[in-house]
């Protein structure tokens, strides 16, 4: 690209695919600063990020699945199942170190994800149908494991709660978990062979097969990672709120899908980046927190969130199309 083109005011549009989302994020921040300045205190920001960290973890795993051309409707049920398993066993065995429950949550979540990946990858089931089925199975198992009972704050050990609540450099550990997942996700997708193969089968599975890639194995990997992150989210959710019941997390799968779509992840697979999910998470977090601070708007929260998602995605598409047109014009001048 020429130096002149790089110095153009339109260069950010053509060089960064999430520029439109950044515009939407800036508009939301400006509106929030004018209407609810109390939102911009350090404690408010940390609280907002803490309460939305679970959505970020679910969206990070959902992104991998969507990149393969699939979908996972069972992540919220996996969250519930792992949260119930770790909380119930922790309550019965309070002397076991808390790190064990984190590992157990990831293992149980990975197993749930692997089952999804096996159904989709090996048995060739439609992802929507397969994960819809496991969504009910995992939720049912959560009910059986809990016996329909709730666990309350006094039934959680300090070590268990600390994995979400402990402050490190003034920031809750659940937020640090999310940051680490985002960083590892970026490295995995951008710099590892399995990450690139996830993009490959989502872009064109037939071409991927010709090049020696086994889609079934890659899909099982993607679903397993999504399950592992949902499992981690389940343990951290119960630790963060010090509560556990089999119905927790209902509807979270739609929030995760919305964040991915808002972040520019193509629902048909093959396109999307972790930085888009980060921005999408921030936008959704600001919307929900912003609305909660304005009296009378809470009943409109779902409608407002939906409208903003449509607007944000529309702006991002417009920016991308504009960037593509500018690139084509520059190429045309060189011919």
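FYI, it's all coordinate maths here, none of it is from the lab. The structure displayed is predicted, hence computed values, not measured ones. Every residue, glycine as well, gets a Cβ built from its backbone with ideal geometry; the counts of neighbours run over all protein chains shown.
The angle between the Cα long axis of helix 252-262 and the main principal axis of the chain comes to about 10°, on a 0 to 90 degree scale. Within the range 208-311, the proportion of Cα pairs with more than 20 Å between them is 55 percent.
For the peptides 237-246, 37-46, 174-183, the ranking by packing is 237-246, 174-183, 37-46, with the highest mean count of neighbouring Cβ atoms within 10 Å listed first. With both labels modelled 7 Å from their Cα along Cα-to-Cβ, the residue 191 to residue 137 distance reads 3.7 nm. Measure out, as a whole number of angstrom, how far apart the alpha-carbon centroids of the range 79-99 and the range 161-221 sit. Cα centroid to Cα centroid, the span is 26 Å. The length gained on full extension between residue 267 and residue 301, counted as 0.36 nm times the residue separation minus their Cα-Cα distance, comes to 9.8 nm. The C-alpha atoms of the chain define a longest principal axis, and helix 274-293 lies at about 70 degrees to it.
Rounded to the nearest angstrom and listed largest first, the equivalent-ellipsoid semi-axes of the chain from its Cα gyration tensor are 35, 27, 17. Spin-label model, residue 144/residue 254: points 7 Å from Cα along the beta carbon direction are separated by 2.8 nm. Ordering 273-282, 152-161 by mean Cβ neighbour count within 10 Å, with the highest value first, yields 273-282, 152-161. Using 0.36 nm per residue and subtracting the Cα-Cα separation, the extra length available between residue 107 and residue 293 on full extension is 63.2 nm. Here the range 28-148 is treated as a sphere whose radius is the Kirkwood value from Cα pairs; by Stokes-Einstein at 4 °C and 1.567 mPa s it diffuses with a coefficient of 78 µm²/s.
Of the peptides 53-59, 164-170, the order by per-residue mean of other Cβ atoms within 10 Å, starting with the highest, comes out as 53-59, 164-170.
Here r is the Cβ-Cβ distance between residue 29 and residue 325 and R0 is 41 Å; the resulting FRET efficiency, rounded to 0.05, is 0.90. All Cα-Cα distances of the range 114-159, cut into 10 Å bins from zero to the largest, leave 24, 31, 23, 18, 4 percent in each bin in turn.
Relative to the longest principal axis of the Cα atoms of the chain, the long axis of helix 75-92 lies at roughly 30 degrees.
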